[in-house]
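So the structure is just underneath, and the comments pick up after that.
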């Protein structure tokens, strides 16, 4: 039932390190925990349990999941999330906070791989939801068996493994029944307030009427090799023609022809890196930006996208951080806050530069020209005092899975 290739990659990435198993206590993650405990041995696993604190009884469920893990000999760690008043608590933000908690746990335990129980039904549902948002075909690749952690900068150097992606949800529960193992049914999985639950119900109705929803999962699988080829071409293009210096990426338009999918993907990667963003811009937006900056009919000077600004000067394209994203805008976008540095600890500022300073009390602030500086008690120092290490190349590699 396990994806052997993914298991082998997991083992290679964490040969001498533990693997974090994202455990909710539900059927999928519980089945995953059993499989991995058999495959790797419980001593190589840590059950990462995140209590979102969004419903009554969640703490009890987290404690129950911990007992399940410990019964298999797998140590468990519970992270309980707290929410500020008025904080956005939708599924997207909850997922990001869950991944942040799991990444923090992985980094604290020296792990490089976080395994989740996503299955083939999840894949089919994700294809439907993304198609409903008019996603470009590239986004229909959806979940892959092994990818860099979809989180930045917290997920630097970490991998997300989904070894159950080829297995149907009910098959996982059948296996647990044969083992005599229990699992927890999360009441939110039946709440019609969530898009995924509604999608799941619609697919169940269609399957009952004779449609095989796994044909949708197959769409993602068939597109994956094409997406991988485009990524490889984009990586080669960036390596060949792009200059990355400090917080800016630049290249000549003469080296950016003919335009095509690899060029648009490369542009999206560079925009994500220059902005420090957690995600690359939508492929359609990257395609439009690529066409605009190469257009001979309409003069192109500067356009913003995804927190970065793309400028053209003669034949040179320069991609850097959008000043408005740093200082805030009249439309309500907030300025980036000052960041206090912890002495002796590497800290990432704005997703773009890693800093480390020995003396406590220093914070990163912005100068008038939108460049970061160090400030303490009214005294300012250049960023060089914190041994800056710009992360644009690393960000591109992370997005491409070249970590």
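Brief remarks on what is shown
- Among the conditions (1) surrounded by fewer than 14 Cβ atoms within 10 Å (Cβ to Cβ); (2) at pLDDT below 95; (3) under 30 Å from residue 215 (Cβ atoms), the only one that residue 142 does not satisfy is (1).
- Some residue of region 95-110 being at pLDDT below 95, under 17 Å from residue 194 (Cα atoms) and out of contact with any strand residue (DSSP E or B) (no Cβ under 6 Å at 6 or more places or on another chain): yes
- Any hit, region 71-89, residues being surrounded by fewer than 18 Cβ atoms within 10 Å (Cβ to Cβ), in contact (Cβ under 8 Å) with a residue 24 or more places away in the chain and within 19 Å of residue 279 (Cα to Cα): no
- Residue 35 vs. criteria farther than 15 Å from residue 162 by Cα and outside the structural domain of residue 347 (by TED's automatic domain parsing): no
- Counting only strands (runs of 3 or more DSSP E) that sit wholly inside region 305-374, those with at least 3 residues that are surrounded by 13 or more Cβ atoms within 10 Å (Cβ to Cβ) and in contact (Cβ under 8 Å) with a residue 24 or more places away in the chain are 308-313, 316-321, 353-355, 363-366.
- Tally, over region 250-277, of residues that are buried (at least 17 other Cβ atoms within 10 Å of the Cβ) and either part of a loop (DSSP other than H, G, I, E, B) or in contact with a strand residue (DSSP E or B) (Cβ under 7 Å, 6 or more places away or on another chain) (or both): 10
- Check on residue 62, crowded, with 22+ Cβ neighbours inside 10 Å, part of a helix (DSSP H, G or I) and out of contact with any helix residue (DSSP H, G or I) (no Cβ under 7 Å at 6 or more places or on another chain): yes
The values are calculated or read from the model by the stated rules, or taken from the named source; none is laboratory data. Predicted, not measured: the structure shown is a model, and the values here were computed from it. Here the Cβ is made from the backbone with ideal geometry for all residues, glycine too, and neighbour counts use every protein chain on show.
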